[in-house]
1. Among the complete DSSP H segments of the chain, which ones combine at least 20 Å of alpha-carbon extent along their axis with a mean Kyte-Doolittle hydropathy of 1.6 or more?
2. Lys/Arg Cβ at +1, Asp/Glu Cβ at -1, dipole of the chain taken about the Cα centre: which of A42, A77, A60 is farthest positive-ward?
3. With the Cα gyration tensor of the stretch 1-57 in hand, convert its eigenvalues to equivalent ellipsoid semi-axes via √(5λ) and list them largest first in whole Å.
4. With a 1.4 Å probe and all protein chains left in place, how much accessible area per residue does the chain have, in Å²?
5. When the chain is fully extended, how far beyond the present Cα-Cα distance does L32 get from V110, taking 0.36 nm per residue of separation?
6. Rounded, prolate or oblate: which fits the stretch 42-98 when a ≥ b ≥ c are the square roots of the eigenvalues of the alpha-carbon gyration tensor, with rounded for a/c under 1.5 and prolate only if a/b beats b/c?
7. Under a point-charge model restricted to the Cβ atoms of Lys and Arg (+1) and Asp and Glu (-1), what is the dipole moment magnitude of the stretch 57-125 relative to its Cα centre, in debye to the nearest 20?
8. Give the label of the value calculated from the structure for semi-axes √(5λ) of the Cα gyration tensor in Å, choosing from [x] 27, 16, 14; [y] 39, 16, 11; [z] 25, 17, 12.
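The values are calculated or read from the model by the stated rules, or taken from the named source; none is laboratory data. None of these values were measured; they are calculated from a predicted model. Heads up, the Cβs are rebuilt from the backbone with ideal geometry, glycines too, and the neighbour counts pull from every protein chain shown. We work out accessible area using only protein heavy atoms, side chains counted, and drop any ligands, DNA or RNA first. Shrake-Rupley method; radii C 1.70, N 1.55, O 1.52, S 1.80 Å.
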Amino acid sequence: LALLKRNPEHFGWHAGLQAAELQTATPTERWLSAEVTAEAEATLAALYGKLQKAYPKSQACMRLPLDFTRSPPAFAAALDAYARSYVRKGVPSLFADLKPLCAEGAWSRVLFGELVEGWVGALEA
């Protein structure tokens, strides 16, 4: 945690913290293609809930849960929390950041589409 206090955006330090929290020997930097158990997902979700409160401006603390979350309702909530402000601001690089999430599975692609349609509807209203 001391390293994250210095730079909460460093993905390598997050991988080390995740490995320590999950008590595994090797850090995982790419969760999209990794197997994630329900227990590991719950442990990491609790960890990142704390980190998001400690570092509210950290993009890494908001973005990384999207990589390891496999539960559709939790994924939708995490995606909404991460991307809503970027959609409101019109950040053009948001799609490039979220594009790998659409390639992973049909359920994430459907949720992604539903959320985006909801955001666009809210912006038009």
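1. The qualifying helices: there are none.
2. A60
3. Gyration-tensor ellipsoid for the stretch 1-57: 19, 13, 10 Å.
4. 61
5. Between L32 and V110, full extension yields an extra 26.4 nm.
6. Details: a/c = 2.16, a/b = 1.41, b/c = 1.53.
In terms of gyration-tensor shape, oblate.
7. On the way: 8 positive and 7 negative charges, 49 e Å.
Value, rounded to 20: 240 debye.
8. [z]
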